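Chemist: Supplied in structure tokens, the structure appears directly below.
The values are calculated or read from the model by the stated rules, or taken from the named source; none is laboratory data. Small disclaimer: the values here were computed from a predicted structure and weren't measured. Glycine gets a Cβ as well: all are built from the backbone with ideal geometry, and neighbour counts include every protein chain shown. With ligands, DNA and RNA removed, areas are computed over all heavy atoms of the protein, side chains included. Shrake-Rupley method; radii C 1.70, N 1.55, O 1.52, S 1.80 Å.
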Amino acid sequence: MMAYDRGSVISETKNPSNQNGLDYNELIPDRKLEHIGVEYNDYFNGDIYDDPVCRYEQDWEIDPKERPYLKHIKSSSRAWPHLRYLAQWMEITTSPTKWQLLSKLPSQKLDDVREERARRTEIAAIDFVSGQPAPTIQHITSPEALAGCLDKPAAPGATRLYVVEDLSRDVIEHLGSKLDIDPLFFREHINDYTWYNTRDPWVELPDLDIVSRSRPYFRLMYMQPRYFKTEESFQMAQKQAAKFNVLRRLDADNKHTSPFDDESATVALVRSKASLWIRPASNSQQAVGVLLIDPSITEGYPLWRGYRPFRNSPCPSDQTQYDEPPRTTLFRDLLFWIQQTSQQDIDAIENNPRVMAFRILEIICAEWLTLSRYVTARLGQIEWEIERPEWFGIDKQELQRESINFNMSLKKLHTWRRRLPVYRAMVGDTRAKLFPNNTPVSSREDCIDKLEKDFAIVAEHYHDLLQRTERIAAVATAVTAIEESRRAIEQNKTLGRLTYLAVIFAPLSFVSSFFSMSADLAGLSQTIWVYFCVAVPISLLVYLLVDKNWTNNLQGAYNKTKAAKQSTWVFNKKR
């Protein structure tokens, strides 16, 4: 077992009191932890402006003498500061922000957790040989086996692809040093942030196109919608994601409930990435690629049971026996579909190595289409909620508590107004990297070229969804204004009734006050009739003066009488 220098942070929490019974290794580093009573600070180690940036780096630092790739990253981080975060990730063996959680573990358990995370290896080495009907797959489950596979070249004429599930320090060390990979390839894959605060030390700033266009790698972001029947199932999924080395979080869509949903169910969108690095073949080297994919959350279900198979359903005359994908993890599904690669696609790898990523691109495109259907369903429910609120169990009194302005619907809609531009940008970035406007890699059309239309359809879907949200927002705003106007009219009617009462009782009060100025109350018995003779006509007169409807009706009757007399005069004159 490898020993780590834990420093001051561990000494302060050597015997932590975990009153909540939580396993800190099963917690995702996020500010939401404060809701369950766990102290968390994104900037416990300092922000990007602190000097030095890392306050507790000495607590997790390891000796890089036997790790040349880690040593290279740390030395390069002086000129490329964004690589420092990758060096911290490799030393901690997971996201640096999680150190404040891991450091609360007992000493021995912390050593075990870091050792397991550092050595985690789930890789498939796939050799594509032109002329062979199917690729060969070798499974690798240890860093030593990976080192041996990297030292052993593929068969002559073969192109090798390493499919890596999750990342670990030892995997990065062997792949990076033996294949001479740019550290930024790994740096862009370890986080899932879609935007950054001004203090974030893990920020990824965009490079100029003139700098990035020649890179032999790219990274794609996408979302995986997943369905959980109960809240407990969703919490189990959170724990699974917390054990990933890469940072991946679930965006719960629990605000969008409808009568068609199970009250205890949750739909979550899993932030995901896939990264591909390619070294083209040369006179002295074979072509090789590295595909990084995310580990899978096995709890719950893929939304609507996941994507359809990537082939047409057979007709009755087709007696071919087709295997079905395992539907367990992304890693196993991907290997299944890679084994179904056609001979034509295998032969196309020689001219366009990106064809090796064809199957993961199909899965990503299918996930985007599934998500678009889900967003369409939610937007439709929001429209129904605006049009027929009674269908959703919203009575008039509840609407009045919401100021009759559809605040509930607008809150749900705002979620998609915020997310859809991000999704559209992800799809646009994917299209820009896969299908650049410059000269294509191959003069012949291959399976990657054929995928361009599918991604164009996806991009159009998200463009339409974003426009639909804006239209719904405009309609909701208009309906809000109408409802507010109706409410104002009802309030005015109520105030009008109060005005009538004031008109009646104000003269009565005035007259009674006027007559009450006499000190001889007995003398009023002779003059009480005067009160009614004066008060009643005055009240009636004042009421008629302020009653707009009465004056309008009187004016209308006068105008009608005048018009009738005029028409009679004209008729008699003609006779």
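Chemist: Just to be sure I understand, how many residues within the range 63-87 are open to solvent by less than 40 Å² (accessible area, probe 1.4 Å), farther than 15 Å from K98 by Cα and free of Cβ contacts under 8 Å to residues at least 60 places away in the same chain? Explain how you work it out, then say what you get.
Modeler: The initial filter retains those residues of the range 63-87 that are open to solvent by less than 40 Å² (accessible area, probe 1.4 Å), namely 64, 67, 69-70, 73, 76-77, 83, 85-87.
Cutting the leftovers down to farther than 15 Å from K98 by Cα gives us 64, 67, 69-70, 73, 76-77, 83.
From what's left, free of Cβ contacts under 8 Å to residues at least 60 places away in the same chain: 64, 77.
The qualifying residues number 2.
Chemist: Considering each of T159, T136, T141 in turn, give the residue that is free of Cβ contacts under 8 Å to residues at least 40 places away in the same chain, surrounded by 15 or more Cβ atoms within 10 Å (Cβ to Cβ) and more than 20 Å from I62 (Cα to Cα). It would help to see each step written out before you state the result.
Modeler: On the way: T159 fails: free of Cβ contacts under 8 Å to residues at least 40 places away in the same chain; T141 fails: surrounded by 15 or more Cβ atoms within 10 Å (Cβ to Cβ).
Being free of Cβ contacts under 8 Å to residues at least 40 places away in the same chain, surrounded by 15 or more Cβ atoms within 10 Å (Cβ to Cβ) and more than 20 Å from I62 (Cα to Cα) holds for just one of T159, T136, T141, which is T136.
Chemist: Has the range 215-225 got at least one residue that is open to solvent by 10 Å² or more (accessible area, probe 1.4 Å), in a loop (DSSP other than H, G, I, E, B), within 19 Å of R120 (Cα to Cα) and not hydrophobic (A, V, I, L, M, F, W, C)? Step through it out loud before you land on a result.
Modeler: To start, the set of residues in the range 215-225 that are open to solvent by 10 Å² or more (accessible area, probe 1.4 Å) comprises 215-219, 221, 224.
Adding the requirement that they be in a loop (DSSP other than H, G, I, E, B) leaves 215-216.
Filter once more, so that each one left must be within 19 Å of R120 (Cα to Cα): none.
Within the range 215-225 (the criterion being open to solvent by 10 Å² or more (accessible area, probe 1.4 Å), in a loop (DSSP other than H, G, I, E, B), within 19 Å of R120 (Cα to Cα) and not hydrophobic (A, V, I, L, M, F, W, C)), the answer is no, since none of the residues qualifies.
Chemist: Please work out if I92 is in contact (Cβ under 8 Å) with a residue 12 or more places away in the chain and either touching a His at 6+ places or on another chain (Cβ under 7 Å) or buried (at least 19 other Cβ atoms within 10 Å of the Cβ) (or both). Can you show your working first?
Modeler: On the way: in contact (Cβ under 8 Å) with a residue 12 or more places away in the chain: yes; either touching a His at 6+ places or on another chain (Cβ under 7 Å) or buried (at least 19 other Cβ atoms within 10 Å of the Cβ) (or both): yes.
Yes: the conditions hold for I92.
Chemist: What's the number of the condition L269 fails, among (1) modelled with pLDDT under 90; (2) closer than 30 Å to Q100 by Cα; (3) of a type in the set (A, V, I, L, M, F, W, C)?
Modeler: (1)
Chemist: Restricting to the range 4-48, count the residues that are aromatic (F, W, Y), modelled with pLDDT of 70 or more and either open to solvent by 50 Å² or more (accessible area, probe 1.4 Å) or in contact with a Phe, Trp or Tyr (Cβ under 8 Å, 6 or more places away or on another chain) (or both). First the steps, then the outcome.
Modeler: Pass one, the range 4-48, residues aromatic (F, W, Y): 4, 24, 40, 43-44.
This time we only want the ones that are modelled with pLDDT of 70 or more, so: 24, 40, 43-44.
Narrowing further to those that are either open to solvent by 50 Å² or more (accessible area, probe 1.4 Å) or in contact with a Phe, Trp or Tyr (Cβ under 8 Å, 6 or more places away or on another chain) (or both): 44.
Residues in the range 4-48 being aromatic (F, W, Y), modelled with pLDDT of 70 or more and either open to solvent by 50 Å² or more (accessible area, probe 1.4 Å) or in contact with a Phe, Trp or Tyr (Cβ under 8 Å, 6 or more places away or on another chain) (or both): 1 in total.
Chemist: E367 passes all but one of (1) surrounded by 22 or more Cβ atoms within 10 Å (Cβ to Cβ); (2) of a type in the set (D, E); (3) out of contact with any strand residue (DSSP E or B) (no Cβ under 9 Å at 6 or more places or on another chain); which number fails?
Modeler: (3)
Chemist: Exactly one condition in (1) over 16 Å from the mean Cα position of the chain (by Cα); (2) surrounded by fewer than 18 Cβ atoms within 10 Å (Cβ to Cβ) is not met by Y193; state its number.
Modeler: That leaves (1) as the condition not met.
Chemist: When the range 303-348 is examined, which residues are found to be farther than 27 Å from V375 by Cβ, in contact with a Pro (Cβ under 9 Å, 6 or more places away or on another chain), of a type in the set (D, E, K, R) and surrounded by fewer than 14 Cβ atoms within 10 Å (Cβ to Cβ)?
Modeler: Residue satisfying the conditions is E324 alone.
Chemist: Could you list, in sequence order, all residues of the range 237-278 that are over 22 Å from L22 (Cβ atoms), polar (S, T, N, Q) and not in a loop (DSSP other than H, G, I, E, B)?
Modeler: Those that are over 22 Å from L22 (Cβ atoms), polar (S, T, N, Q) and not in a loop (DSSP other than H, G, I, E, B): S272, S275.
Chemist: Before we move on, is K104 surrounded by fewer than 16 Cβ atoms within 10 Å (Cβ to Cβ), at pLDDT below 95 and not polar (S, T, N, Q)? Give the steps one after another, and end with the answer.
Modeler: Numbers: surrounded by fewer than 16 Cβ atoms within 10 Å (Cβ to Cβ): no; at pLDDT below 95: yes; not polar (S, T, N, Q): yes.
For K104, the condition - surrounded by fewer than 16 Cβ atoms within 10 Å (Cβ to Cβ), at pLDDT below 95 and not polar (S, T, N, Q) - is not met.
Chemist: Could you please let me know if R119 is farther than 22 Å from D345 by Cα, open to solvent by less than 10 Å² (accessible area, probe 1.4 Å) and either of a type outside the set (S, T, Y) or more than 35 Å from the chain's Cα centre (by Cα) (or both)?
Modeler: no
Chemist: Consider the range 273-295. How many of its residues are surrounded by fewer than 22 Cβ atoms within 10 Å (Cβ to Cβ), within 19 Å of the chain's Cα centre (by Cα) and either without any contact (Cβ under 8 Å) to a residue 40 or more places away in the chain or within 17 Å of Y217 (Cα to Cα) (or both)?
Modeler: Residues in the range 273-295 being surrounded by fewer than 22 Cβ atoms within 10 Å (Cβ to Cβ), within 19 Å of the chain's Cα centre (by Cα) and either without any contact (Cβ under 8 Å) to a residue 40 or more places away in the chain or within 17 Å of Y217 (Cα to Cα) (or both): 1 in total.
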